[in-house]
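Enquirer: Have a look at the structure that comes next, please.
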Amino acid sequence: MVIPVAVLFAREDSIYKTLSGTDVYDEPRDARTFTGGCPIVAHPPCRTWGCLKAFATAAPAHEHALGPWAIDQVRRNGGVLEHPRGSTLFRECGIVPGGLPDEWGGITIEVDQFHWGHKARKRTLLYIVGTRNLPPIPHRPGKPTHVIDRPGRARKAERPNSAGLLPWVSHREREATPPAFAEWLVEVARRCKRV
């Protein structure tokens, strides 16, 4: 029997909708209607928590509260929450990245989505409650062909183009979850026991 996994805050065109045994909550479905009962993979909006939060003036007033709400859902149901490495959400919710398990047994690890097929380095923090038995974390040889960076900053040239700079990924690519990473996150959630 396949353990069902709820995916909260997915894009409308999310890869998760193609994965067996997932119950996907995109924007029209509204993740806040999730009532629990199965482990989750959560991707709460990060623009009000990341390095550019000062520029997130277009974010709806309620959006900032979705991050702590998603942390609470992971703590109640087991599962994994993904947010950018620079996110202040973890500190706000009393989570110390890389520290000892918290009072819910939650651990935080850092991964790079490049190893699951992303074009750029996309360093990500994962908050996991309910298991420490993780699937193997892949290692992809080679170097990224693109960068995720803030407009106006110099692009790091690991393998430069003719101008000496790597191209930026598109907005869509910056937000999207690589298929292999989505499958890995769902497997992590399936291994989680409810708290």
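Enquirer: Looking at the stretch 129-139, can you tell me whether even one residue there is among the hydroxyl-bearing types (S, T, Y), touching a strand residue (DSSP E or B) at 6+ places or on another chain (Cβ under 6 Å), surrounded by 12 or more Cβ atoms within 10 Å (Cβ to Cβ) and modelled with pLDDT of 95 or more? Lay out the reasoning, then the answer.
Expert: Keep residues of the stretch 129-139 that are among the hydroxyl-bearing types (S, T, Y), which gives 131.
Okay, now just the ones that are also touching a strand residue (DSSP E or B) at 6+ places or on another chain (Cβ under 6 Å), so none.
No, because not a single residue in the stretch 129-139 is among the hydroxyl-bearing types (S, T, Y), touching a strand residue (DSSP E or B) at 6+ places or on another chain (Cβ under 6 Å), surrounded by 12 or more Cβ atoms within 10 Å (Cβ to Cβ) and modelled with pLDDT of 95 or more.
Enquirer: Got a sec? Which of V41, V2 is exposed (fewer than 12 other Cβ atoms within 10 Å of the Cβ) and either out of contact with any Lys or Arg (no Cβ under 7 Å at 6 or more places or on another chain) or of a type outside the set (D, E, K, R) (or both)? Reasoning before the result, please.
Expert: Values: V41 fails: exposed (fewer than 12 other Cβ atoms within 10 Å of the Cβ).
Going through V41, V2 in turn, the sole match is V2.
Enquirer: Mind listing just one residue for me: the one in the stretch 65-101 that is without any contact (Cβ under 8 Å) to a residue 40 or more places away in the chain and hydrophobic (A, V, I, L, M, F, W, C) and, of those, farthest from L125 (Cα to Cα)?
Expert: Looking at residues that are without any contact (Cβ under 8 Å) to a residue 40 or more places away in the chain and hydrophobic (A, V, I, L, M, F, W, C), I get A65.
Enquirer: Would you point out which residue out of T57, T48, T88, T22 is at pLDDT 95 or above, among the polar types (S, T, N, Q) and either surrounded by 14 or more Cβ atoms within 10 Å (Cβ to Cβ) or out of contact with any strand residue (DSSP E or B) (no Cβ under 7 Å at 6 or more places or on another chain) (or both)?
Expert: Values: T57 fails: at pLDDT 95 or above; T48 fails: at pLDDT 95 or above; T88 fails: at pLDDT 95 or above.
Residue meeting the stated conditions: T22.
Enquirer: Which ranges mark the strands (runs of 3 or more DSSP E) fully within the stretch 7-108 that have 1 or more residues being closer than 24 Å to E183 by Cα and among the hydroxyl-bearing types (S, T, Y)? Quick ask: steps written out before the conclusion?
Expert: Values: elements: 22-26, 40-42, 79-84.
Of the strands (runs of 3 or more DSSP E) lying wholly inside the stretch 7-108, those with at least 1 residues that are closer than 24 Å to E183 by Cα and among the hydroxyl-bearing types (S, T, Y) span 22-26.
The values are calculated or read from the model by the stated rules, or taken from the named source; none is laboratory data. Note that the structure is predicted; figures quoted are calculated from it, not measured. Methodologically, a virtual Cβ is constructed for each residue, glycine included, from the backbone with ideal geometry; neighbour enumeration extends over all protein chains shown.
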